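In what follows, a structure is listed as C-alpha cells, so that the remarks can point back to it.
The values are calculated or read from the model by the stated rules, or taken from the named source; none is laboratory data. Please read these numbers as outputs of a predicted model, since none were measured by experiment. Here the Cβ is made from the backbone with ideal geometry for all residues, glycine too, and neighbour counts use every protein chain on show.
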Amino acid sequence: MRLTAPLVDSDTERSRKDTEARPPASGARGRPRSEATDAAILDAAMAEMAERGYARMSIDAIAARAGVSKPTIYLRHAGKAELATAALAAFQQRALPRPTGDTRADLVAILRHLRRGVERPFGMAMIGTVLAEEAHTPELLSLFRERLVAPRRAALRGVLEAARDSGELREDADLDAAVAALVGAYYAQYLAGRPFPRAWPTPVVDVVLGGLCRRA
C-alpha cells in the first residue's frame, strides 16, 4: 500500500457528515449482533484502508463494501478512528500466547506473535498510516496504542515480573527498558532491511535476559 499525505479538509468534511448521519443512542435492547456482520465490517474497513489509506476511506464506502447500512456500523463503532483500530486489532492481533512459566520460551513466543502480526499483508504499511495521521487524527494513534501496543507490552512485562518475583531476575532489573528492547529489536531489524535469521528472536531474548539475570 502506498502512503500518501493526509487529506485533512475532505476527511474533516466526511467526519462531519458521518456524525450527522449517526443514529441517536438508544438504551433499548435489540436483536443479538451478527458475528458475520461484525466480521464483514472489519474486513471492509481493512480493505478500504489498504486501498485508499485512512484519510481517504469513508464510512459510506465501508458500508457499501460490507453490504450494510451506516447505522449498522455506528451501532458497533463510534467513529472512523474507532473502527479503523478495531479492524487493525482484529487483523493483526490474535490471542497472545499463554504463559507457560518458562521465561525464555514465553518471551520468544510473544515476539514471534508480534512478527506474525506485523508481517501479514499491509501490516507494516498500516502502522505507517497510523503514525502519518498523528497530527491530524491523534485519536487513531491513541486507540492503536491501547488496542495493539499495550496488550503486547503488558504480556512481555508480565512474563518478566513473574521471573523477577521468582528470583530468576535481579530485583532492581529495569523491566520497562527490557520490554522496549525486546519490542524495538524487531523494528530495528526490519527497518535496517536485514533478513531475519531462522532462530529469531531467540538471540534477542538471550541478550536481554543476560542483562537481567542474577549473577552467580
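Failed condition for P138, given (1) touching a Lys or Arg at 6+ places or on another chain (Cβ under 9 Å); (2) in the same structural domain as A199 (by TED's automatic domain parsing), with all others met?
Condition (1) is where P138 drops out.
If only one of R104, R76, R116 is under 16 Å from the mean Cα position of the chain (by Cα) and more than 15 Å from A50 (Cβ to Cβ), which one is it?
Step by step, each of R104, R76, R116 is checked, and only R116 is under 16 Å from the mean Cα position of the chain (by Cα) and more than 15 Å from A50 (Cβ to Cβ).
Residues checked against (1) modelled with pLDDT under 95; (2) surrounded by fewer than 17 Cβ atoms within 10 Å (Cβ to Cβ):
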site: R52; (1), (2): yes, yes
site: A86; (1), (2): yes, no
site: A89; (1), (2): yes, no
site: Q93; (1), (2): yes, yes
site: D102; (1), (2): no, yes
site: D106; (1), (2): no, no
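Take the conditions closer than 30 Å to A199 by Cα, in the same structural domain as T137 (by TED's automatic domain parsing) and in a helix (DSSP H, G or I) and apply them to R115. Does it pass?
yes
Mind checking which helices (runs of 4 or more DSSP H) fall wholly inside segment 126-214 and carry at least 3 residues that are among the hydroxyl-bearing types (S, T, Y) and surrounded by 13 or more Cβ atoms within 10 Å (Cβ to Cβ)?
Hits in segment 126-214: 175-191.
Yes/no per residue for (1) over 30 Å from H77 (Cα atoms); (2) outside the structural domain of H113 (by TED's automatic domain parsing); (3) within 24 Å of the chain's Cα centre (by Cα):
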| position | (1), (2), (3) |
| --- | --- |
| F144 | no, no, yes |
| R152 | no, no, yes |
| A155 | no, no, yes |
| A163 | yes, no, no |
| L169 | yes, no, no |
| R198 | yes, no, no |
| V204 | yes, no, yes |
